[in-house]
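The values are calculated or read from the model by the stated rules, or taken from the named source; none is laboratory data. Computed from a prediction, not measured in an experiment: that's the story for all the values here. In this analysis, Cβ positions are derived from the backbone assuming ideal geometry, glycine residues included, and neighbour counts consider all displayed protein chains. When the accessible area is computed, the model is the full protein with side chains, heavy atoms only, and any ligands, DNA or RNA have been set aside. Shrake-Rupley method; radii C 1.70, N 1.55, O 1.52, S 1.80 Å.
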Amino acid sequence: MRFLGNIEAKTDAKGRAFLPAVFRKVLQGAGEENLVLRKDVFQKCLVLYPESVWNQRLDLLKSQLRPWKPAHQQMFRQFVSEAEVVTLDGNGRFLISKRLLRIAEIEQDIRFIGMDDTVEIWAPANLEQILKTDAEFGEEFENIMNAE
């Protein structure tokens, strides 16, 4: 399952957004129906996980944590408690809760960014702040690809 693209969209007054058709086709092709939405761990954006990807990430996190260590238990608690199950309606829309809209600083305009097996949802201003210039991106890309 591979999500690719940078797609502009809007939320309606209730906080609903249409999942772009190209991403819906990827989900349908993979037989995915359920989605999980949570704030990104590092950036001020939201991440939409197909259920199978969410389960893989959760299993990976659990494999790194010890359930009887209080700090690890708290880490797991916070990670899962900030997640919300979302479903697409018949038109391909899903609801973004007011809590998540506020956390990601999303008002009405949004950008969907395909990130391989997940989809990020950004407030355009926040996305522009973190993107590198073409020259910076090229230089960093070259350094990473040529690292030994």
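Any residue at all in region 70-82 that is in contact (Cβ under 8 Å) with a residue 12 or more places away in the chain and farther than 18 Å from Asp40 by Cβ?
Looking through region 70-82, none of the residues is in contact (Cβ under 8 Å) with a residue 12 or more places away in the chain and farther than 18 Å from Asp40 by Cβ.
Restricting to region 92-129, and then to whatever is among the basic types (Lys, Arg) and in a strand (DSSP E or B), can you tell me which residue is surrounded by the most Cβ atoms within 10 Å (Cβ to Cβ)? So that I can check it myself, show each step before the final result.
Filtering region 92-129 for residues among the basic types (Lys, Arg) gives 93, 98-99, 102, 111.
From the residues that got through so far, the ones that are in a strand (DSSP E or B) too are 93, 111.
Numbers: Arg93: 16, Arg111: 20.
Per the criteria, the residue is Arg111.
Residue check: is Glu140 open to solvent by 90 Å² or more (accessible area, probe 1.4 Å), of a type in the set (D, E, K, R) and modelled with pLDDT under 95? Lay out the reasoning, then the answer.
Numbers: open to solvent by 90 Å² or more (accessible area, probe 1.4 Å): no; of a type in the set (D, E, K, R): yes; modelled with pLDDT under 95: yes.
Answer is no for this residue.
Starting from region 54-66, keep only residues that are free of Cβ contacts under 8 Å to residues at least 60 places away in the same chain and within 20 Å of Val119 (Cβ to Cβ), then list their pairs with residues that are part of a helix (DSSP H, G or I) and of a type in the set (Phe, Trp, Tyr) whose Cβ atoms are within a distance under 7 Å, requiring at least 6 positions of separation or different chains.
Leu61/Phe76; Leu61/Phe79
Note down all Cβ pairs under 9 Å where the first residue falls in region 102-124 and is more than 22 Å from Glu32 (Cβ to Cβ), the second is open to solvent by 60 Å² or more (accessible area, probe 1.4 Å) and part of a strand (DSSP E or B), and they're at least six residues apart or on different chains.
These pairs meet every condition: Gln108/Lys10; Asp109/Glu8; Asp109/Lys10; Ala123/Asp109; Pro124/Glu8; Pro124/Asp109.
Are any residues in region 76-90 open to solvent by 80 Å² or more (accessible area, probe 1.4 Å), farther than 15 Å from Ile103 by Cβ and of a type outside the set (Lys, Arg), and if so, which ones?
Val85, Thr87, Gly90
Residues checked against (1) open to solvent by 30 Å² or more (accessible area, probe 1.4 Å); (2) out of contact with any strand residue (DSSP E or B) (no Cβ under 6 Å at 6 or more places or on another chain); (3) at pLDDT 95 or above:
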site	(1), (2), (3)
Asp12	yes, yes, no
Val26	yes, no, no
Glu32	yes, no, no
Val36	no, no, yes
Asn55	yes, yes, yes
